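Only the coordinates and a few stated rules stand behind these numbers; no lab work does. Owing to the predicted nature of the structure, the values given are computational and were not obtained by experimental measurement. Heads up, the Cβs are rebuilt from the backbone with ideal geometry, glycines too, and the neighbour counts pull from every protein chain shown.
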Amino acid sequence: MGPDLIDYEGLIIEIDKELESVIPDFLESRHKDCLLIDDLLMHNNMDEISRLGHRLKGTGGSYGFDVISDIGRILEVAVAEEDPEAVDFARQALKLYLEQIRIVYV
Amino acid sequence: MTFIRLRTKCIIGFTILNLLIGMALFFLIRFEVHHRLEQEIHKRGATIARHLAESSVTPILTENTISLQLLVNNYVKTEDDLRYIYILNARNEVLAHSFGTAFPKDLLKADEPASGANKDRVKVTKLRSEEGLLYDMPAGIQQGQLGQVHVGISEAAVTKTLDGVLTHLLFYMAGIICFGTIMAVVFATAITRPIAILAAGVKQVGMGELDYVTKINTHDEIGELAGSFNSMLENLRQTTVSRQYMDKIINTMNDALIVFSQEGVVYNVNRAFGELFGYVPEEMIGCRVVDFPKQEAPRCLYAAFENAFQSGYLSHEGTCLCASGKFIPVLFSLAMMHDEQGKPQEIIGVVNDISGIKKAQEELEKKRAELENLNRTLEEMVSLRTAELAVTNEGLRAEVINSKLIAAELKIARDAAEAASVAKSEFLTNMSHEMRTPLNSIIVGVEFLGEADLGRDQSRCLEMIGQAGKNMLVLINDLIDLARIESGRLEIVAEEFNLPEMLDKTVELLSRSARIKGLELLLDTASDLPVIVVGDRIRLQQVLVNLVSNAVKFTLQGRVEISARPGPRVDNTIPITFVVLDTGIGIDEEKLQTIFETFTQADSSITRRFGGSGLGLTISRRLVEAMSGNMQVESTPGVGSSFYVTVPLSEPAAISINRDGQNANGCRNGQDFAKNIDTVLPVVLLVDDSRENRELLRLLLLKKQLLIDEAGNGHEAVEMFRENEYDLVLMDIQMPIMDGYTATRQIRQMEELAGRAKTPIVALTAHAYENDVQACKEAGCDDHISKPFKKAALFDCLTKYLNGA
């Protein structure tokens with residue numbers, strides 16, 4: 001059972017118009033990351049989850065998605081604390097976030 | 001041997017020479033004149049005799065002896081110097097004579113008949129008479145056939161004439177000898193005077209007067225000798241220590257010194273000797289040691305040396321009598337001085353007063369004896385006490401063990417407390433991080449919901465949640481900082497930054513809050529404020545933001561003013577004083593003392609009224625102190641407060657950028673850098689294992705006039721760097737195969753080995769703690785950009801490192 005989450009429905013994210021061409025691919029990759037985390041968690045491959053978390057932390061904010069960076073940070077901490085529940089929490093948060101956001105290019 | 005001056009010798013010599021010459025001349029002249037006068041008399045006598053012989057012919061033939069006698073008398077009367085005349089006939093009978101009545105018969109015996117062999121040759125016979133020597137000159141009458149005429153002339157005539165001549169001669173010769181003697185004196189003086197000067201010079205030099213200069217300007221051998229002498233003196237002055245200098249050294253010595261001859265005559269004594277033994281040094285010089293009393297120093301030393309003369313050196317301890325009659329213990333050294341040939345010269349003695357040492361030795365001996373006594377007593381006491389202690393020893397051992405146990409427990413307790421403190425700080429840091437992440441999401445969510453169409457109560461509720469979230473975020477950030485400071489993990493970095501730009505950004509950051517409250521937010525920077533400085537930009541800005549936001553928070557109306565002024569430069573460091581002034585509520589005087597303490601606000605009601613954790617000022621002050629600065633506050637309740645922050649910032653060595661952001665090449669220090677790039681485009685190497693990040697960076701840099709290469713890990717980056725030249729490397733740190741630290745180190749090593757110029761490497765790291773940044777710098781990175789990065793940060797970096805490309 002996951003933790004209570006904030007409802008992000010309809011959350012508008014303003015993204016630099018310059019990045020419009022790469023954003024769909026980026027978000028698609030993040031959707032895949034949700035599945036990947038699930039798979040890695042199942043195989044208890046915590047090292048890879050940590051590396052993924054680190055990558056998300058470094059990439060998300062750069063594209064304009066600060067929350068993705070926060071989720072990446074949570075993943076890193078969760079692996080360090082050996083807390084699979086926290087990893088799952090982060091996965092669910094990422095999935096929910098990706099489902100709820102609406103991109104506005106400015 | 002009697003000393004006779006050269007001048008005297010010369011005068012005597014010249015005078016004797018004059019006398020000898022005079023005497024020689026005298027005798028020569030006397031002999032010659034006498035001879036000539038004698039010849040003259042002989043000739044005259046002969047002439048008279050011949051004349052008489054001729055005049056006697058007729059009277060003899062007529063036997064008229066009377067005529068002959070008259071003739072003789074007539075001649076005798078007319079010629080003064082004639083002593084006699086007598087005429088003999090052929091039978092040698094006297095016909096006439098000038099002797100009066102008695103004719104001296106012995107004349108006839110001595111007479112020999114005149115031969116007529118040589119008519120011109122006068123035969124002269126010297127006769128001695130009572131009147132003296134007489135010259136007898138005969139002349140034959142008719143060649144002797146008729147008889148002979150004898151004329152006798154006294155030598156007195158010759159002597160008289162000769163005496164007259166010699167009298168004159170002696171007078172002249174005396175004059176000549178006097179003149180010659182005067183000339184001898186003059187010449188002798190002229191010759192010997194320079195020699196005397198030279199001799200005096202030699203004597204002075206012999207006495208050690210090396211500064212003496214002989215003043216002889218004659219152009220002769222003596223002049224040359226004087227010149228050579230002066231040259232020799234000059235050489236001596238350069239190579240020899242002068243007598244005055246030696247005297248000065250000897251008289252400055254604290255050791256007493258005496259020099260005497262082998263015969264025991266005192267040659268020299270220094271000041272210290274005089275002072276030690278109570279003599280006047282000048283009075284001692286020249287005295288014989290035997291003139292001193294037996295136990296007095298000079299005699300004592302001389303006697304000691306005589307005893308050990310064979311060794312040539314003596315060092316001895318003894319006692320000497322002073323002039324005052326007091327005995328003093330001395331340590332003396334005596335040595336024989338030798339000349340260049342090894343011949344013994346003078347004896348040198350050095351004497352030290354060892355009264356103090358002797359006294360100290362005696363004291364020491366006394367103390368040693370006392371100590372030995374004390375030691376013996378102590379040993380006895382210890383033996384007694386040992387016996388007593390043996391009884392209580394067991395009890396003490398138990399006490400010692402107990403003490404050790406207590407100490408061990410205390411150590412364990414202290415270690416536990418320290419570990420707990422560290423654990424607390426780490427826990428606080430970690431927890432704060434975890435709290436901040438969801439809190440960010442809450443704040444974003446609340447802001448988003450605020451834009452939705454909600455009822456009034458719902459909006460107020462949302463506003464309260466939002467405000468609470470923001471307050472909580474501030475508190476968490478403060479807690480993280482405080483925990484980091486307290487756990488000693490706060491690291492101050494030194495990086496170059498644009499100071500006016502940082503101040504502008506600070507003001508810009510808080511301008512909205514000030515505007516909402518209707519406050520005026522002013523920035524005043526000094527004209528001589530340095531532009532590019534080296535310091536911890538982030539921490540300095542944090543302090544200023546904190547102070548300004550406090551000022552805005554506690555000011556209800558009026559203004560908040562920030563000013564920055566440079567202080568006097570010390571080496572490369574300039575202390576910059578930042579003042580944050582407000583017209584707010586102010587702080588009571590008694591609260592000013594505690595305002596910087598943790599969790600303290602001037603009034604607890606303030607927290608309720610204005611919010612805030614109460615950690616801001618504490619953190620600010622701790623940060624300022626960590627930057628080697630100081631922070632002070634002045635405040636008047638109801639009027640306002642002024643916070644003074646002074647932080648030492650240094651200037652970079654090479655970069656020179658003026659107030660308008662113009663660097664030395666005239667390029668603006670901003671986004672316009674690309675305008676200055678000519679046809680040669682800068683090449684940037686992007687190193688990141690994330691394809692998405694590389695894509696993003698490429699996209700962002702697309703509009704910049706740059707050439708971009710990409711590497712997926714550190715190893716690829718190193719290989720590409722080996723093959724190509726880059727103007728900038730953007731290096732991710734955490735990568736598979738080879739991480740950014742290793743790659744950076746290898747690149748730096750490669751540059752060093754190949755002698756390549758250093759390429760700027762900027763780390764892209766999601767680890768943004770100070771120690772991570774420090775690790776990047778240690779690996780060789782010039783700078784870092786925290787991930788996730790913002791476009792502005794990326795462009796600032798490009799401006800900074802590609803401006804000169």
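Could you run the Karplus curve 6.51 cos²θ - 1.76 cosθ + 1.60 with θ = phi - 60° over the range B:211-216 and give me ³J(HN,Hα) per residue in whole Hz, x for Gly and Pro?
Result, ordered by residue: 7, 5, 10, 7, 10, 10 Hz.
For the ranges B:184-193, B:272-281, B:537-546, what's the packing order if you count other beta-carbon atoms within 10 Å of each residue, average per peptide, and put the highest first?
B:537-546, B:272-281, B:184-193
Shielding of A:60-73 by partners, i.e. mean partner chain Cβ atoms within 10 Å per residue?
Numbers: counts 3, 6, 16, 6, 4, 1, 4, 5, 1, 5, 8, 2, 3, 5.
Mean inter-chain Cβ contacts per residue within 10 Å come to 5.
Averaged across the residues of B:454-467, what count of C-beta atoms belonging to other chains lies within 10 Å of each residue's C-beta?
0
Please list, or write none, the lysines whose alpha carbon is within less than 24 Å of the alpha carbon of B:Lys359, excluding same-chain residues fewer than 8 places away.
B:Lys359 reaches B:Lys326, B:Lys367.
Between B:Arg559 and B:Gln705, what is the label-to-label distance in nm when each label sits 7 Å out along the Cα-to-Cβ direction?
Those two pseudo-labels are separated by 4.4 nm.
What FRET efficiency comes out for the pair B:Arg722/B:Leu681, r = Cβ-Cβ distance, R0 = 22 Å, nearest 0.05? Before the final figure, lay out the partial values.
Working: r = 21 Å, r/R0 = 0.97.
So the FRET efficiency works out to roughly 0.55.
Roughly how many nanometres apart are two label points built 7 Å out from the Cα toward the Cβ at B:His51 and B:Asn572?
14.2
At each listed q (0.15, 0.19 Å⁻¹), what is the log10 of I(q)/I(0) that the Debye formula gives for the range A:33-96 modelled as equal alpha-carbon point scatterers?
So the normalised log intensities work out to -0.35, -0.57.
Averaged over its residues, how many other protein chain Cβ atoms are within 10 Å of peptide B:730-743's Cβ atoms?
Partner-chain Cβ atoms within 10 Å, mean over residues of B:730-743: 1.
Going Cα to Cα from B:Lys123, which lysines come in below 20 Å? Please leave out same-chain ones fewer than 8 positions away.
Filter leaves B:Lys43, B:Lys109.
What pairs from B:Lys703/B:Lys800; B:Lys215/B:Lys343; B:Lys470/B:Lys800 go past 27 Å between their alpha carbons?
Violating the 27 Å limit, Cα to Cα: B:Lys215/B:Lys343; B:Lys470/B:Lys800.
Extending each Cα 7 Å along its Cβ direction at B:Thr167 and B:Asn471, get the distance between those two points in nm, one decimal.
Between B:Thr167 and B:Asn471, the label points sit 16.3 nm apart.
Efficiency by 1/(1 + (r/R0)^6): what FRET value for A:Asp25 and B:Phe596, r their Cβ-Cβ distance, R0 = 41 Å, to the nearest 0.05?
0.20
At a Förster distance of 41 Å, what's the computed FRET efficiency of B:Lys215 paired with B:Leu25, Cβ-Cβ distance as r, to 0.05?
Values: r = 43 Å, r/R0 = 1.04.
Result of the calculation: an efficiency of 0.45.
Reachable aspartates and glutamates from B:Lys777, Cα under 15 Å, same-chain residues fewer than 8 places away excluded?
Partners found: B:Glu491, B:Glu495, B:Glu496, B:Asp536, B:Asp732, B:Asp739.
Amide H to amide H under 5 Å from B:Ser650: which residues, 5+ apart in sequence or cross-chain, H placed 1.01 Å off N in plane?
B:Val534, B:Ile574
Order these by the 10 Å Cβ neighbour count, fewest first: B:Val151, B:Val57, A:Val67, B:Val534.
B:Val57, B:Val534, A:Val67, B:Val151
Compute the label zone of B:Ala792 within the range A:70-106: residues whose backbone N is under 19 Å from the point 7 Å along Cα-to-Cβ.
A:106
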